[in-house]
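Quick note: the coordinates plus some simple rules give every number you see, no bench work behind them. All values reported here derive from a predicted model rather than from experimental measurement. Glycine gets a Cβ as well: all are built from the backbone with ideal geometry, and neighbour counts include every protein chain shown.
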Amino acid sequence: MEAFSDGVIAIIITIMVLEMKVPQGSNLNDLKPVLPVFLSYVLSFVNVGLYWNNHHHMLAAAEHINGKVLWANTHLLFWLSLIPFTTAWMGENHFATWPIILYGVVLLMAGTAYYILSQLLIQLHGKDSTIARAVGKDKKGVLSLVIYICAIVVALFNPVISFIMYISVAGIWWIPDKRIERKITGYEAKE
């Protein structure tokens, strides 16, 4: 499951970079029209990278999987596979309302799918398992979903603020989350 997921995520990142077109001209000013596409790409690259990193750590804590976990993982990969499309649409349309909303819906659904996957792994391994102790109450995950919902609504009034809210969620996850790593290695320092 981990190798398959790694492959899909690598393809997702490759597709995103292929969407970036080289501007005509050789001056720095020629880059201005592609700046929204580039900013969209950077945010999406970071988001996909964060999912990959956290997915990798979560699966390292899993001792076994079942059919429900496989389907939950496929559900997550489905939503992640839509990120290149929404990234391109958002960038090409300079952060217009509906592309920003759809981008947020995809992020919300990917976050929800990741939460479902983590809960199924906890259910499979038990409430006293390494993965259950590592994930805990998943405050960052729940907070991320709340911010995504708010950002989708805010996009109706101000898409730029919504985009900044998406960046803030990535910022929350950019700070390394050592919970799972600590539990796997046996390091039980206070958090």
Practice task
Report which label in (i) -0.42, -1.00, -1.14; (ii) -0.36, -0.99, -1.19; (iii) -0.31, -0.99, -1.25 holds the value of log10 I(q)/I(0) by the Debye sum over Cα atoms at q = 0.09, 0.16, 0.18 Å⁻¹ derived from the coordinates of this structure.
Solution key: (ii)
Exercise for the section: Could you state the angle between the C-alpha long axis of helix 139-155 and the longest principal axis of the C-alpha atoms of the chain, as a value from 0 to 90 degrees rounded to the nearest 10? Expected result: 30
Exercise for the section: Would you please state the base-10 log of I(q)/I(0) at q = 0.14 1/Å for the range 67-108, with intensities from the Debye formula using one equal scatterer on every alpha carbon? Expected result: -0.36
Handout entry: Cα-based helix-to-principal-axis angle, 97-125 vs the chain, degrees rounded to 10
Key = 10
Fill in the blank from the handout: Nearest 10, in degrees from 0 to 90: the angle of helix 83-92 to the longest Cα principal axis of the chain is 20
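Mind ordering 83-92, 118-127 by average Cβ neighbours within 10 Å, highest first?
Numbers: 83-92: 21.5, 118-127: 16.9.
Highest-to-lowest ranking by the protection proxy: 83-92, 118-127.
At 0.36 nm per residue, and after removing the present C-alpha to C-alpha distance, how many nm does the segment from residue 71 to residue 94 gain when stretched out fully? Present the calculation step by step, with values, prior to reporting the outcome.
Details: separation 23, 0.36 × 23 = 8.28 nm, distance 3.50 nm.
Fully extending the segment from residue 71 to residue 94 adds 4.8 nm.
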Problem - Above-threshold pairs, the threshold being 27 Å between Cα atoms, out of 68/139; 68/127; 21/140; 68/137 - result: 21/140
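Could you sort 30-37, 102-109 so that the peptide with the highest average Cβ count within 10 Å comes first and the rest follow in order? List each step's numbers first, then the result.
On the way: 30-37: 14.0, 102-109: 22.4.
The packing order, highest mean first, is 102-109, 30-37.
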Practice task
In nm, give the distance between the simple-model label positions of residue 153 and residue 27, each being 7 Å from the Cα along the Cα-to-Cβ direction.
Solution key: 4.6
Exercise for the section: Just need the relative contact order of the chain here, percent rounded to a whole number, with Cα pairs under 8 Å and 6+ apart. Expected result: 24
Exercise for the section: Rounded to whole Å and sorted largest first, list the principal axis extents of the Cα atoms in the range 1-101. Expected result: 54, 28, 16
Fill in the blank from the handout: Highest GNM mean-square fluctuation among 100, 152, 175, for the chain with Cα springs under 10 Å, belongs to 175
